[in-house]
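Report on one structure; see the data block that follows.
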Amino acid sequence: MSSSTRYNRQMILPEIGEEGQQKLAKSKVLVIGAGGLGAAILPYLAAAGVGEIGIVDHDVIEISNLQRQVIYKTDAIGKSKAKEAKAMIAELNPLVKVKAISEKLSGKNAISLFEKYDSIVDATDNIAIKYLINDACFVTNKPMVYGSIFRFQGQVSVFNYQNGPTYRCLYPDENLNAINCEEAGVLGVSVGIIGMFQANEVLKMILGIGEVLSGKILVYNVLNNEQQKYDFEKSDIQTITREAFEEKYNKCEVEEVSFESVLNEMENDEVLFLDVRNTDESPKISLKNQIQIPLMHLESKLENLDKKQTIYIFCQSGIRSKIAFELLQKHRFKNIKSIAGGALAMKNILNKKNSHEFTNFYF
C-alpha cells in the first residue's frame with residue numbers, strides 16, 4: 001500500500017497536502033515517557049507519518065499500568081515499555097523509524113539525545129524530570145511539548161517554542177511538592193485526552209499550521225468538559241547555559257537508597273535520618289535517630305549534623321532531598337544518601353512493617 005493511500009484522509013486537507021506529508025516524514029520527535037500520556041501520543045504521531053520517533057523510558061509494564069496505558073497487553077507485563085511501544089508502532093505503521101531507549105533520562109544523556117530530534121515531548125509524571133527536560137530543551141533550543149495530569153484535570157503547553165516562554169517561566173519554584181498519579185489516582189481517559197492534545201501540538205509545529213500553545217496553558221477538566229486557556233509571559237529569569245546545565249545536573253550523582261533497605265539501621269547510633277521537610281508537612285515520620293531541619297534552614301544549622309554519621313536524607317517525595325544532598329556535599333559531608341520516594345514511601349513501608357509485626361505477634 002502506497003504512503004499516499006495510507007495518509008489520504010489527512011493529505012486531502014488543504015493545510016497539509018503532499019508538502020505537509022513530506023514535512024511529517026522528515027520530522028524527528030523524541031517522547032520522554034511511554035506511560036499513560038505516551039500511550040496516547042505515540043500511536044497518533046506514528047499513524048500521522050512522523051518519520052522518526054524516539055521513545056525514552058527505563059520502566060517495565062506493571063498490571064496497574066494497563067488501566068490507562070492502552071497500547072500494552074496483559075501478556076506484556078514485566079517487559080520494557082520502550083521496546084513494547086516500539087513493537088506497537090511497527091505493527092501500526094512500518095514506515096516510521098523508531099528507536100527504543102530503555103534508560104532513564106538524566107543530565108548525562110539528555111543533551112546528546114535532544115540534539116538528534118526536532119521536538120521533545122514531555123510525557124512524564126515527575127516534576128524533577130520536567131525541569132531537566134526544560135533545561136535540556138533550552139540548551140539545545142528545542143521546543144518542549146508539556147502535559148500533566150492531576151486527578152480529573154490536565155494541562156498542556158508548549159515551552160521554548162521559537163524562543164518563547166519556558167517551563168520555568170510558568171513554574172519558577174523548583175522545590176514545590178507534587179504527587180504523581182500513583183499517589184493521587186487518575187482516570188484512564190484523562191491521560192488519553194491530554195496526550196492527544198500534546199500530539200496535536202507536535203503535528204501543528206511540524207506542519208506550520210494553527211496556533212501553537214506557546215505562552216499559553218490549556219487546562220481541561222474531564223468531569224465537566226470545561227477548558228480554559230491562560231496566558232503567561234517569558235520571564236527575565238537567568239537563562240541556563242550548557243556549562244550551567246552540566247554544573248547543575250552532572251556535578252554529582254545523588255545516591256539513592258530505598259527505605260526498606262535501611263530498615264535495620266533505624267536503631268543504629270552511627271546513622272542519622274534527616275527530614276528536610278517543613279514542620280507542618282504530613283505524613284509524620286518519627287524514628288529514634290531522626291532530626292528535622294527544613295531545607296530553607298539547613299545551611300545555617302549544619303553544626304547540628306555529625307560528619308562521622310551516615311546521613312539518610314528524606315523529604316516528601318525526593319526533590320528537596322536532592323538539593324539537600326548537594327548542599328551537604330558542598331560542605332564536605334561524605335556519608336550521605338537520599339531515600340527514594342521520601343516520606344510517602346517511608347510511611348507505606350512502616351505501616352506494612354508494623355502490620356506484619358502485629359500479625360506475627362498475634363498468631
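The values are calculated or read from the model by the stated rules, or taken from the named source; none is laboratory data. This structure is a prediction, so every number in the text was calculated from the model and none was measured. Positions of Cβ are backbone-derived with ideal geometry, glycine not excepted, and every protein chain shown enters the neighbour counts. When the accessible area is computed, the model is the full protein with side chains, heavy atoms only, and any ligands, DNA or RNA have been set aside. Shrake-Rupley method; radii C 1.70, N 1.55, O 1.52, S 1.80 Å.
Descriptive notes on the structure:
- Hey, Val98 within 22 Å of Met196 (Cβ to Cβ) and in contact (Cβ under 8 Å) with a residue 60 or more places away in the chain or not: no
- Test: Leu223 is farther than 23 Å from Asp173 by Cβ, modelled with pLDDT of 85 or more and either assigned to a loop (DSSP other than H, G, I, E, B) or open to solvent by less than 80 Å² (accessible area, probe 1.4 Å) (or both): yes
- Meets criteria (within 29 Å of Ala136 (Cα to Cα), surrounded by 15 or more Cβ atoms within 10 Å (Cβ to Cβ), of a type in the set (S, T, N, Q) and without any contact (Cβ under 8 Å) to a residue 60 or more places away in the chain) for Ser80: yes
- Conditions (1) in a loop (DSSP other than H, G, I, E, B); (2) open to solvent by less than 30 Å² (accessible area, probe 1.4 Å); (3) modelled with pLDDT of 95 or more: number failed by Lys116: (2)
- Entry remark, the range 292-319: residues being outside any loop (DSSP other than H, G, I, E, B), closer than 24 Å to Glu174 by Cα and open to solvent by less than 50 Å² (accessible area, probe 1.4 Å) number 8 in total.
- Qualifying residue in the range 148-164 (condition: assigned to a helix (DSSP H, G or I), touching a Phe, Trp or Tyr at 6+ places or on another chain (Cβ under 7 Å) and either buried (at least 18 other Cβ atoms within 10 Å of the Cβ) or among the acidic types (Asp, Glu) (or both)): no
- Residues of the range 267-291 satisfying the condition of being open to solvent by 70 Å² or more (accessible area, probe 1.4 Å), within 18 Å of Ile339 (Cβ to Cβ) and over 28 Å from the mean Cα position of the chain (by Cα): Glu267, Glu270, Ser286, Lys288
- Residues located in the range 220-277, provided they are closer than 26 Å to Phe150 by Cβ and free of Cβ contacts under 8 Å to residues at least 40 places away in the same chain: Asn224, Asn225, Glu226, Gln227, Gln228, Lys229, Tyr230, Asp231
- Positions within the range 63-77 being more than 15 Å from Gly188 (Cβ to Cβ) and open to solvent by less than 50 Å² (accessible area, probe 1.4 Å), in sequence order: Ala76
- Filtered by the rule that a residue be at pLDDT below 75 and either surrounded by 12 or more Cβ atoms within 10 Å (Cβ to Cβ) or more than 14 Å from Asn134 (Cα to Cα) (or both), the range 234-252 gives Lys251, Cys252.
- When Pro94 is tested against (1) buried (at least 22 other Cβ atoms within 10 Å of the Cβ); (2) closer than 30 Å to Lys23 by Cβ, exactly one condition is not met: (1).
- Hits in the range 46-62 - residues which are under 15 Å from Gly33 (Cα atoms), open to solvent by 30 Å² or more (accessible area, probe 1.4 Å) and among the acidic types (Asp, Glu): Asp59, Glu62
- The single condition among (1) over 21 Å from Met196 (Cα atoms); (2) crowded, with 18+ Cβ neighbours inside 10 Å that Asn109 does not satisfy is (2).
- When restricted to residues that are assigned to a helix (DSSP H, G or I) and open to solvent by 30 Å² or more (accessible area, probe 1.4 Å), the range 320-344 contains 6.
- Taking the listed residues Ala128, Ala100, Ala87, the one that is crowded, with 19+ Cβ neighbours inside 10 Å and at negative phi is Ala100, with no other qualifying.
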